[in-house]
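*Asks:* Starting off with a structure, shown below.
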Amino acid sequence: MGSELLVTVYCITYNHIKYIRRCLESLVNQKTDFRYEIIVHDDNSTDGTREIVQEFAERYPDLVIPVLEAENQFSKGIRFVKSRMLPITHGKYLVECEGDDCWCDPEKLQLQVEALEAHPDCSICVHATDTVDQNGVPQPMHFPDIKIDHAVIGTEEFMKYVLNEGRWLFHLSSLMVSTESYREYKEKMAGGFPSKFYNVGDLPIFLYYSMRGNVYFIDRVMSLYTVESGGIMSRIKSDPEFAKKVHRGYINGLEAFDEYSGYRFHEGVTAVLVKRRFEVDRLDRRYDKILRTPEYRPLVKQRGLRRSLAFFVMGHLQLLFGKKDRKEE
């Protein structure tokens, strides 16, 4: 492959002072027989992250390209990936690693490029991912959460895992896709699926690419996902209003995907929608609605006898004494 620039790495960071050095070290230490570039977007960090990004750009001027914001773009609703990163992207393939995650295998890029070059029927290449806590201590969560003993995963099989079984197979840090496909994905976000998704999470991008071809899976842990690092997942657990916004966004997005896919996976989409709607009603304390919705019963039972009883009692109390009038979600 020689001196051809084949891969662009996106690293998006904001106030990741505890993790960013580990992340960037893992990105610059890849062993490849091709050139790659690392575009690091810092969204005006205030904790010293920006200075470390600048340090790496100075140490690796032919590898690290810093994009440093003077003002926070995310808070303004600006899609900086499309406006600030895509225009300076040169690789045939694209990968992402957020600033609080990292790679743990120096052959990651090489193996993924080889897989996609050898399997043109595959739209993306993914691999196994382990998790660590804020201090780097290994955690039990693993991607994929089931054993997959074959490399090529077809669209139907992927949708069965993700929709019908509700599995979270792969982490974003494992994803490699062609830059051309990624550009098309970003363009489609201007209207229709997947733009109706709330702008968080890996599900939209995985659903989109799995519709475009097979998935190539490398059964080798090559990245680490940091849990409870103060990111989106932590906020979902601690902020009920934000959590409801996320769930509602996914509901809108899944309905859009159902239409986009010609209702090909309608049964699976419906199963996921029930779970998301249940979470919104639970966070909204709509125990009366939960009690009156037959589709919720298996989800209530999954929470154990004690919590199931609490749902039952609170639901009947709300039905008996009434509940403040409010718009049905």
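Laboratory data are not the source of any read-out in this text; all were calculated from the coordinates shown. Keep in mind it's a predicted model, so treat the numbers as computed, not measured. As a convention, Cβ positions derive from the backbone with ideal geometry for all residues, glycine included, and neighbour counts pool all protein chains shown.
*Asks:* Taking a cut-off of 12 Å between Cα atoms, list the aspartates and glutamates near residue 275, but don't count ones fewer than 8 places away on the same chain.
*Replies:* Within the straight-line limit of under 12 Å, residue 275 reaches these aspartates and glutamates: 165, 295.
*Asks:* Given H placed 1.01 Å from N in the peptide plane, which residues other than close sequence neighbours of residue 44 have an amide H under 5 Å from its amide H?
*Replies:* Hits under the 5 Å cutoff: 69.
*Asks:* For the stretch 1-102, which trypsin sites (Lys or Arg not before Pro) are in a loop by DSSP, counting at most 10 other Cβ atoms within 10 Å?
*Replies:* Values: sites: 18, 21, 22, 31, 35, 50, 59, 76, 79, 82, 84, 92; in loops: 18, 31, 79, 92.
Taking the stretch 1-102 and a limit of 10 other Cβ atoms within 10 Å, the loop trypsin sites (Lys or Arg not before Pro) found are 31.
*Asks:* Check residue 65: other-chain or 5+ apart residues with amide H under 5 Å from its amide H, H built from backbone geometry?
*Replies:* Close amide H contacts, sequence-distant or interchain: 38, 39, 40.
*Asks:* How much mean residue ellipticity at 222 nm does the chain get from its helices, if each DSSP H run of length 4 or more adds -39500 (n - 2.57) and you divide by all residues, to the nearest 500 deg cm²/dmol?
*Replies:* Numbers: 12 runs with 129 residues, N = 329.
So the helix-based figure for the chain works out to -12000 deg cm²/dmol.
*Asks:* At a Cα cut-off below 16 Å, give the aspartates and glutamates reachable from residue 289, other chains included and same-chain residues fewer than 8 away excluded.
*Replies:* The qualifying aspartates and glutamates are 279, 281, 325, 328, 329.
*Asks:* Continuing with the same structure: Taking a ≥ b ≥ c as the square roots of the eigenvalues of the Cα gyration tensor of the stretch 92-227, is the shape rounded (a/c under 1.5), prolate (a/b larger than b/c) or oblate? Before the final figure, lay out each step's value.
*Replies:* Details: a/c = 1.36, a/b = 1.25, b/c = 1.09.
Rounded, because the longest to shortest axis ratio a/c is under 1.5.
*Asks:* In percent, how large is the relative contact order of the stretch 234-321, given Cα pairs closer than 8 Å and 6 or more residues apart?
*Replies:* Working: 65 pairs, mean separation 20.1, N = 88.
Contact order relative to length: 23 percent.
*Asks:* While we're here: Using the Karplus curve 6.51 cos²θ - 1.76 cosθ + 1.60 with θ = phi - 60°, work out ³J(HN,Hα) for each residue of the stretch 6-23 in order, rounded to whole Hz, and write x for Gly and Pro.
*Replies:* 9, 10, 10, 9, 9, 10, 10, 9, 7, 6, 10, 4, 6, 10, 5, 5, 4, 4
*Asks:* Quick one: helix 304-321 against the long Cα principal axis of the chain, what's the angle to the nearest 10°, folded into 0 to 90?
*Replies:* Approximately 50 degrees, to the nearest 10.
*Asks:* Answer rounded, prolate or oblate for the chain, using the Cα gyration tensor with square roots of eigenvalues a ≥ b ≥ c: rounded when a/c is under 1.5, else prolate when a/b is larger than b/c, else oblate. Could you put the intermediate results ahead of the total?
*Replies:* Working: a/c = 1.99, a/b = 1.62, b/c = 1.23.
Since a/c reaches 1.5 and a/b is larger than b/c, the shape of the chain is classed as prolate.
*Asks:* Report, to the nearest 10°, how far helix 49-59 tilts away from the longest principal axis of the Cα atoms in the chain, using its own Cα long axis and a range of 0 to 90°.
*Replies:* 20
*Asks:* Let me ask something else. Report ³J(HN,Hα) in whole Hz for each residue of the stretch 127-133, in order, from the Karplus equation J = 6.51 cos²θ - 1.76 cosθ + 1.60 where θ = phi - 60°; Gly and Pro get x.
*Replies:* 8, 6, 9, 9, 10, 9, 8
*Asks:* What is the stretch 1-100 by shape, rounded, prolate or oblate, if you read a ≥ b ≥ c off the alpha carbon gyration tensor as root eigenvalues and call it rounded for a/c under 1.5, prolate for a/b larger than b/c, and oblate otherwise?
*Replies:* Working: a/c = 2.20, a/b = 1.41, b/c = 1.56.
Here the stretch 1-100 falls in the oblate category.
*Asks:* I've got another one for you. Using amide H atoms built 1.01 Å from N in the peptide plane, name the residues 5+ places from residue 152, or on other chains, whose amide H lies under 5 Å from its own.
*Replies:* Distant-sequence amide H within range of residue 152: 217.
*Asks:* In debye to the nearest 20, how big a dipole does the stretch 234-321 give about its Cα centre with +1 on each Lys and Arg Cβ and -1 on each Asp and Glu Cβ? Write down the numbers at each step before the final one.
*Replies:* Working: 19 positive and 11 negative charges, 95 e Å.
Here the size comes out at about 460 debye.
*Asks:* Continuing with this model, one more query. With +1 on each Lys and Arg Cβ and -1 on each Asp and Glu Cβ, and nothing else charged, work out how big the dipole of the stretch 1-100 is about its Cα centre, in Debye to the nearest 20. All intermediate terms of the calculation are to be shown ahead of the outcome.
*Replies:* Details: 12 positive and 16 negative charges, 46 e Å.
Around 220 debye, computed over the stretch 1-100.
*Asks:* Among 95, 19, 139, pick out the residue whose Cα is farthest towards the positive end of the charge dipole of the chain, where Lys and Arg carry +1 and Asp and Glu carry -1 on C-beta, about the Cα centre.
*Replies:* 139
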